[in-house]
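In what follows, a structure is listed as structure tokens, so that the remarks can point back to it.
None of the figures in this text is laboratory data; all of them are computed from the coordinates on show. Small disclaimer: the values here were computed from a predicted structure and weren't measured. Ideal geometry is used to build each Cβ from the backbone, glycine not excepted, and the neighbour counts take in all protein chains shown.
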Amino acid sequence: MSKNRKTIRIKGYNYALDNLYFITSCVQDRVCCFGEVVNGEMILNDYGTIADKQWHWLGRQYPYVVLHAFVVMPNHVHGIIEINRDRINYKNHINRVVGTGRDPSLPRDEQQSDEQQPSNKQQPTASPKIKSLSELMGAYKTTVSKQIHLSGYDAFKWQRSFYEHIIRHEQAYKNISKYINDNPSKWETDIFYG
């Protein structure tokens, strides 16, 4: 991508604020590698299962993340992710690891000794750092990529960046949730089809 690449983010907006965000992320060149749609239902293959599993990992990894409607399609994912600080119990946060961004199911780098490995222990704090939407999506896409590469598909890549839309009212939330849930049944008319 060129340095003149247009950003789709709202200039000056803090994407770590509590809000609901609709996201779409595509596989590079829209390669259909997550499975196929059969009779209006998405059938995940091993790579699609990884993409699905890692989405749910985000909700477990970061206590301030609430996951809403989500679908893995053959060559992209759609989801609604919510950042909600009210979900953090600050009293119980002390001595608890919150959102390191590392998936413990991935193997450690064999080149590093235990002394060189990043520590999973954090100093007690009053409140954890809230990752921005870009950081959360970066963690998602990185862990999906690593697990797919470990599964044998070395050429797998996400398209750079992702699409996001701030959900500002209840009707928009309902419309977007319906769009996500209905996506497999409308695959042949989808802009990402083929």
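Quick look at the numbers
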read-out: Residues with amide H under 5 Å from that of Lys157, placed H, sequence gap 5 or more; value: Gln28
read-out: Net length gained if the chain between Ile191 and Glu135 were fully extended (0.36 nm per residue, minus Cα distance); value: 17.5 nm
read-out: Cα→Cβ-extended label distance, 7 Å offset, between Lys178 and His149, nm; value: 4.2 nm
read-out: Exposure proxy order (Cβ contacts within 10 Å, fewest to most) of Asp52, Asp18; value: Asp18, Asp52
